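Some notes on the structure that comes next.
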Amino acid sequence: MPRGDVWLAAGALLVTLGLSVAAVRPGDRDLWPGGLAIIVVVTLALAVRRRHPAIVLAVAITAPQVYYPLGYPDGPVMFVSYIALFSAAVECRLIVSLSGVIAANAGFIIASVLWGDTVSDPDAPLDAQGLAALTLGLLVTVAAGQYIRGRRAQAEAAERRAAAAERDREQEARRRETQERLRIARELHDVLAHQISLINVQAGAALHRRDDPDRAYAALEAIKAASKETLRELRGVLGVLRQVDHDADPDGPDGRGGAGGSPVTPVPSLARVAELLSHTAASGLVVRRAGDLAAGAQQDAGDLAGLPAPVGLAGYRIVQEALTNAVRHSGAGEVTVEIRRTPGAVIVQVADDGNGTGNGAGDGTAVSGGGDGDGTGNGLRGMRERAAAVGGELTAGPGPGGGFRVWARLPLDPPPGDADGTRDRN
């Protein structure tokens, strides 16, 4: 039980007993033993007023209805009833404390009718004014207790809301951290997988053509170009990450912000897809261009450069991953890349003439075409995530005439999201 309630009970016992002894008048019944027992029981019950408020209220309401009619000294026993009633109003529903008020009034009325005000004066009339004052005092006590109960309930509700808000903030922070890790992982996968696949193919070609210096030299030149492009794109990714640090801490240790003053490489977009196709063609894969990329098309890179940044980046990464899969897994000799800008969307299609495998053999074994066949499906999943992040759609599977085809529709008005095309998808 709370230590404060124990001290309250002890203090109430001493005060009630002391004032009752001081209030002894000629003709009063001796406190010992009955009056003392009533005082001890009703005051010590306050020690459990929070744990058992209804029981304590019942004891406190009953005690004065027995104490006063039996003619004991006019001590503050009724004051203990007010304390118990207040505690019940704070701890219990309103019906409990109102029941206590009704019981107190009914008890005093019955006692007055049966015994008069005291046993020593059985003919004394019922004091209507005293009963009204008693009722008013009890109701005021109930109102005060209910007010405290309401304020406490409001405070507890506010604490629960604050705790829930804190949990929501923590969950949101964890969710954003997870999203950021996935975004970085996807960017690194898209940057590294394509170029390293080209390097792998060209390195194999150089070894195979070591007896033909000219062709081996061409393969090494392609490796150099792919390596340079890999470094450039890695710098771009790291530059974006540093830019995030710069936004969070504009006063970096070097005085130039978190980015350290490093320039940020432009984010890849469909406007630069021609460079991507050229690098892929250097691996020996025949790359054909269709749609807006075809020779003589009315639309050109200038139109593709006007795309929203998330759409341009998503389209570029989808083409890049599809070409990577064609080089690594499908055993294709030719791939056709078609990009068409329509009034409401950009259509991207990459189709090869390989064995119809889009992302490894599925069991971790290699497939023809020089790929390593990790079988994880991360590439296809990443492409679908890219398309979904900008509100688009993507399908991938065997083409109608054989080979493997990736088709995506990316709306020109993507949902709000990050610069890399990610968005909140709860």
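The values are calculated or read from the model by the stated rules, or taken from the named source; none is laboratory data. This is a predicted model, so every value here is computed, not measured. We place every Cβ from the backbone using ideal geometry, glycine too, and count neighbours over all the protein chains shown.
See the values below:
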| read-out | value |
| --- | --- |
| Tally of residues being out of contact with any Gly (no Cβ under 7 Å at 6 or more places or on another chain) and part of a strand (DSSP E or B) across region 300-352 | 9 |
| Residue count, region 1-39 (criterion: farther than 17 Å from residue 49 by Cβ and either aromatic (Phe, Trp, Tyr) or not assigned by the TED database to the domain that holds residue 51 (or both)) | 1 |
| Residue 47 vs. criteria in contact with a Pro (Cβ under 7 Å, 6 or more places away or on another chain) and of a type in the set (A, V, I, L, M) | no |
| Residue 111 within 55 Å of the chain's Cα centre (by Cα), assigned by the TED database to the domain that holds residue 12, crowded, with 16+ Cβ neighbours inside 10 Å and not aromatic (Phe, Trp, Tyr) | no |
| Long-range neighbours under 6 Å by Cβ, at least six apart or interchain, first residue within 17 Å of residue 141 (Cβ to Cβ) within region 60-79, second of a type in the set (S, T, N, Q) | 60/81; 61/81; 64/81; 76/16 |
| Residues that are out of contact with any Asp or Glu (no Cβ under 6 Å at 6 or more places or on another chain) and touching a residue at least 12 places away in the same chain (Cβ under 8 Å), drawn from region 23-39 | 24, 25, 27, 28, 29, 31, 34, 35, 36, 38, 39 |
| Criterion: over 26 Å from residue 18 (Cα atoms) and of a type outside the set (Ser, Thr, Tyr) - qualifying residue of 56, 77, 48, 96 | 96 |
| From the options 193, 165, 216, residue that is of a type in the set (Gly, Ala, Ser), surrounded by 14 or more Cβ atoms within 10 Å (Cβ to Cβ) and under 36 Å from the mean Cα position of the chain (by Cα) | 193 |
| Residues being exposed (fewer than 12 other Cβ atoms within 10 Å of the Cβ) and either part of a helix (DSSP H, G or I) or modelled with pLDDT of 75 or more (or both) - total across region 198-213 | 3 |
| Answer residue from region 275-308, given it is at pLDDT 80 or above and closer than 15 Å to residue 341 by Cβ and is surrounded by the most Cβ atoms within 10 Å (Cβ to Cβ) among those | 307 |
| Helices (runs of 4 or more DSSP H) wholly inside region 35-117 containing at least 3 residues that are over 17 Å from residue 11 (Cβ atoms) and in contact with a Lys or Arg (Cβ under 8 Å, 6 or more places away or on another chain) | 77-91 |
| Residue 401 being closer than 13 Å to residue 322 by Cβ, modelled with pLDDT of 70 or more and surrounded by fewer than 20 Cβ atoms within 10 Å (Cβ to Cβ) | no |
| Residue check for residue 74: under 21 Å from residue 144 (Cβ atoms) and among the acidic types (Asp, Glu) | no |
| Top-ranked residue in region 43-57 [being touching a residue at least 40 places away in the same chain (Cβ under 8 Å) and closer than 14 Å to residue 79 by Cα; ranked as surrounded by the fewest Cβ atoms within 10 Å (Cβ to Cβ)] | 46 |
| Region 381-393 - residue that is surrounded by fewer than 20 Cβ atoms within 10 Å (Cβ to Cβ) and under 14 Å from residue 316 (Cα atoms) and, of those, modelled with the lowest pLDDT | 385 |
| Test for residue 166: is it outside the structural domain of residue 313 (by the TED database), part of a helix (DSSP H, G or I) and out of contact with any Asp or Glu (no Cβ under 8 Å at 6 or more places or on another chain) | yes |
| Any hit, region 4-22, residues being in contact with a helix residue (DSSP H, G or I) (Cβ under 7 Å, 6 or more places away or on another chain), under 26 Å from residue 109 (Cα atoms) and surrounded by fewer than 17 Cβ atoms within 10 Å (Cβ to Cβ) | no |
